[in-house]
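Note sheet for the following structure.
FYI, it's all coordinate maths here, none of it is from the lab. Since the structure is predicted, the reported quantities are computational estimates derived from the model, not experimental observations. Every residue, glycine as well, gets a Cβ built from its backbone with ideal geometry; the counts of neighbours run over all protein chains shown.
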């Protein structure tokens, strides 16, 4: 059967899949945000409420894909009790295993099940795409990612060592029948095949069933431009938001209760948020780890207190410094930023992460899922 026959047309012209579909992912996900002139906007730029984050300029798309070569894809499962999916991020269009990127990670609060962090922390490299899904589907997604890498790299575990798959997760059990284990290896393949620069944000892919500050969350992204030695460079962030409480939410500097009269039932700070940072600035693993530490600044600006049951995991990589898997030279040339000029990068990370969280909220749509539970989206509440 043609996999496209499983497509269902939903509001906003979005094509999504029932849980047994195995092909490409939605063209557009979540709410289609327009300002009063009818212009569709990326990130939170030109939104109708005038929200603005920071002062630094952003890239063309205001997404992590403004870093040249970085692409993102989704496979979204939206069918009654099944509200989940897979998101994939490719660091560059080449062979990531043989042309690794320098990377670092930081665990702010370790209530999480992300795989691959130990080796990244030790070796300082990323050698696979980064995948995102729900907590109980990590094993399935990791197996699919390993198969993806084996298919493209016949030397793995034959003439060279093994591979370090990186799979990140958040718990979407509130809206999704997570115990049903509905994510399959085919969904992973679909997300990887869907990777592109102009990707959807909001309730799509791994973000389909996620809640952020008690509202509908999911995938959010932003970018900032930094000038160094007369040349423009990019720092981008992408989050999978599923954390924090409604009463603590701060939207572009304004507490939520100053924006809305609406209230939602009290809830605990459980969930998690995964943050990925990407840049084309030549940085060392140590400097990338320092960027990871600054992600907390952006999270704090949105009101996150990093509760006990919330896993805050940060990964960062640079496309500028590569580590070849094979080399006939013992010493490799590498550029590195001088630490005295790193402050603008710290500011860029804080702004990107803050805006990515808000973008995940503003691009999401209201979703009804498991046991008929409904989670409202921020844009609907703001329009009331």
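Go through (1) touching a residue at least 60 places away in the same chain (Cβ under 8 Å); (2) in contact with a helix residue (DSSP H, G or I) (Cβ under 9 Å, 6 or more places away or on another chain); (3) more than 16 Å from residue 57 (Cβ to Cβ) and name the single condition residue 341 misses.
With respect to (1) touching a residue at least 60 places away in the same chain (Cβ under 8 Å); (2) in contact with a helix residue (DSSP H, G or I) (Cβ under 9 Å, 6 or more places away or on another chain); (3) more than 16 Å from residue 57 (Cβ to Cβ), residue 341 is out only on (2).
Quick grid of which residues meet (1) without any contact (Cβ under 8 Å) to a residue 40 or more places away in the chain; (2) in contact with a strand residue (DSSP E or B) (Cβ under 8 Å, 6 or more places away or on another chain):
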{"position": "130", "(1), (2)": "no, yes"}
{"position": "135", "(1), (2)": "no, yes"}
{"position": "142", "(1), (2)": "yes, yes"}
{"position": "145", "(1), (2)": "no, yes"}
{"position": "154", "(1), (2)": "yes, no"}
{"position": "166", "(1), (2)": "no, yes"}
{"position": "171", "(1), (2)": "no, yes"}
{"position": "180", "(1), (2)": "no, yes"}
{"position": "196", "(1), (2)": "no, yes"}
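When segment 227-280 is examined, which residues are found to be out of contact with any strand residue (DSSP E or B) (no Cβ under 7 Å at 6 or more places or on another chain), under 20 Å from residue 359 (Cβ atoms) and in a strand (DSSP E or B)?
Correct list: 250, 251, 254, 255.
Residue by residue through segment 68-111, note down the ones that are in a loop (DSSP other than H, G, I, E, B), at negative phi and surrounded by fewer than 23 Cβ atoms within 10 Å (Cβ to Cβ).
Once the filter is applied, which keeps residues that are in a loop (DSSP other than H, G, I, E, B), at negative phi and surrounded by fewer than 23 Cβ atoms within 10 Å (Cβ to Cβ), segment 68-111 yields 68, 81, 92, 93, 94, 95, 97, 98, 110, 111.
Mind checking which residues of segment 157-183 are assigned to a loop (DSSP other than H, G, I, E, B), surrounded by 20 or more Cβ atoms within 10 Å (Cβ to Cβ) and under 20 Å from the mean Cα position of the chain (by Cα)?
164, 165, 171, 172, 175, 176, 183
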